[in-house]
Amino acid sequence: MVVGGKVCRKVRASGRGIEWGWVGVSQYTGRIHLYSCIPGIDSRPRPLFENFRPEELDPLQSTGVDNSKKTTLIPVKDNPAYRDVLLAFVKEWNNLRPIEQKKLLQKPLQLPLTVELCCLSEGINHSSGGLLKRGSKRRTTPLGDISYPLPSNAVWKKVYLCSGYGKRVKEYTQGWTLMDEPLCKLCQTPCKNSNAKTPDFFEDLFCSLGCYEEYRIRTSNRSLRQELFQIEHGICTSCQLDCHKLVQYIKPLSLTGRREYIEKVAPRLAVQKNL
C-alpha cells in the first residue's frame, strides 16, 4: 500500500505508543516519511508528520533537541529506540540496485528488503512445478503438496491483493471454512489476525510469522539459498573454499583477471570446464 505517494516499509519498533513503525521514502524527493500502525486499532498506516533526509541520521548532521523550545518531545529520528531501525533500513535500501529499488516502489515492505524481493508475487516465488524434494524420485514437489491438506469442512477460494492504486491485482488461493473463516495458507488453521478476512498483504494469508517464513522458504529458491548461506556462510563443505569471499573479490575484475585470480587461489576450481 502507498500512503501519500510514499514507499512504505514495515519495521518493528516500540515506545511512544507505537507498536509498529512504517518508513516511507518519497519517490520524488528521497526524504524519509514516518508512519505508525497499531495492530487492532489502525487499519492503515497513519502519518506521524515527521520526515527528514537520510543523511540527517548522521550524528554529525544531527542538531539534537532545540533547547529554546519548551518541549520534551524528541524527534523519532533522534530517538535511540528507533535510530538503529532507521539506520538499518537506509543501509539496506542503499545496497539495493536501482532496478531492485524500482521493483519495490509502491509496495508494502519490511526488513530485510531482500526477503521482499523474493515475495513480490506468488508466481515469482516458485516455478509452476515447485521445488526439489529431497529423498523422492520426483524432481519437484507439486504446489498442492506444500500446504497441509485442506480440512473436509473447507474449500479453496481466490483472494485478491492490490499493491497500490493503478497496480495489477494479484491473485492467490486460500482455504476458507464453510463458516466463512480464512485458513492459514500453510498449516490450514484459522487465521485470527484483524486483517484475516480483508487481507492487505501476503503475510495476512498466514496464521503466524513462522508459517509465512516456512512457506517462503519452501516456495522460493532464492530464500532457500539465503537460509543455506546463513548456515554455511558461503564456504564449500568439501574443499573449505570461501566461495562468497571469492565472488566478492573478482566482481570488479575483468574476465581475464577473474580467471587468473581463480587459477591462483583455487586451481581445482579453475580446471572446471564451465568456469
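Bear in mind these aren't lab numbers, they're just calculated from the coordinates by the rules spelled out. Predicted, not measured: the structure shown is a model, and the values here were computed from it. With ideal geometry, Cβ positions are generated from the backbone for all residues, glycine too; neighbour counts draw on all protein chains shown.
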Treat the count of other C-beta atoms within 10 Å as a stand-in for reagent exposure and order SER152, SER147, SER26, SER254 from fewest to most.
SER152, SER254, SER26, SER147
Full extension between LYS158 and ARG31 adds, at 0.36 nm per residue less the Cα distance, a length in nm of 42.0 nm
Of the listed pairs LYS103/LYS245; LYS91/LYS251; LYS157/LYS197, which have alpha-carbon separations greater than 18 Å here?
LYS103/LYS245; LYS91/LYS251
Simple SL model, points at 7 angstrom along Cα→Cβ for LYS264 and ARG53; separation in nm is 4.1 nm
Full-extension gain in nm, ALA81 to LEU253, via 0.36 nm per residue minus C-alpha separation:
57.8 nm
Given a Förster distance of 35 Å, report the FRET efficiency between ILE235 and LYS102 from their Cβ-Cβ distance, rounded to the nearest 0.05.
0.60
Normalised contact order of segment 143-222, rounded percent, pairs of Cα under 8 Å and 6 or more residues apart
25 percent
